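The values are calculated or read from the model by the stated rules, or taken from the named source; none is laboratory data. This one's a predicted model, so the numbers in the text were calculated from it and none came from an experiment. Positions of Cβ are backbone-derived with ideal geometry, glycine not excepted, and every protein chain shown enters the neighbour counts.
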Ligand code: ADP
Ligand code: NI
């Protein structure tokens, strides 16, 4: 099987698993991360096939999205065996997938892991990142913002999103992040302005 067909098989697998997601981890998140990862890999001289494959699959079996991750991981193993990848390619894809999560706060060991982690983090900032954060907060029943409690989505900007720009591994991702980071800052400024609008003008 050609590399292009192998990637198409992975894409179809992901399409089936993530179509109904409403937490900001839908199929289009996987598509954006896959395309970004390929672009960053080409710029950085990483293995673009491994990066794109791991990016398509990076949220497969995530325990916050799947109630039974073990079942999904077995399905993934079957897929990877079926599409005539070498054992070395399978190991590299799985290593990069494990390296991705920013929740677990690990630094990837391989360049491919770094590329995919950067691609995933870039999709958490900018306009789409903002939309995803509120989708996630909404799906978890959290308020947009609250003056007395911390468990609101604006808090997530301070906990994670504003820190992404300074923690990217590749210069290609750092360049893409500049605009996106500014969008976060402008959004917060405007948000507070509107929040306080009636106080100042009422
Ligand atoms: P990972 O899948 O790498 O572990 P996360 O699950 O922490 O990463 O984040 C993935 C997406 O979910 C990001 O867009 C992030 O902003 C969003 N997200 C995660 N936690 C929260 C939260 N507490 N509030 C709002 N959005 C969140
Ligand atoms: Ni992701």
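Annotations for the structure displayed:
- Members of region 136-150 found to be within 28 Å of residue 107 (Cβ to Cβ) and near ligand 1 (Cβ under 10 Å from one of its atoms), listed by number: 136, 137, 140
- Applying the condition of being away from ligand 1 (no atom under 14 Å from the Cβ) and at pLDDT below 95 to region 95-129 and asking which residue is surrounded by the fewest Cβ atoms within 10 Å (Cβ to Cβ) yields 109.
- Residues of region 1-34 classified as over 16 Å from the mean Cα position of the chain (by Cα) and more than 18 Å from residue 80 (Cβ to Cβ), total: 1
- Taken across region 73-93, residues that are at positive phi, away from ligand 2 (no atom under 16 Å from the Cβ) and either over 21 Å from the mean Cα position of the chain (by Cα) or touching a residue at least 60 places away in the same chain (Cβ under 8 Å) (or both) do occur, with at least one present.
- Residue in region 45-64 that is part of a helix (DSSP H, G or I), within 16 Å of ligand 1 (Cβ to nearest atom) and without any contact (Cβ under 8 Å) to a residue 40 or more places away in the chain present: no
- In region 16-44, residue surrounded by the most Cβ atoms within 10 Å (Cβ to Cβ) [restricted to those that are part of a loop (DSSP other than H, G, I, E, B) and free of Cβ contacts under 8 Å to residues at least 24 places away in the same chain]: 26
- Verdict on residue 136 being more than 26 Å from residue 53 (Cβ to Cβ) and either surrounded by fewer than 19 Cβ atoms within 10 Å (Cβ to Cβ) or free of Cβ contacts under 8 Å to residues at least 12 places away in the same chain (or both): no
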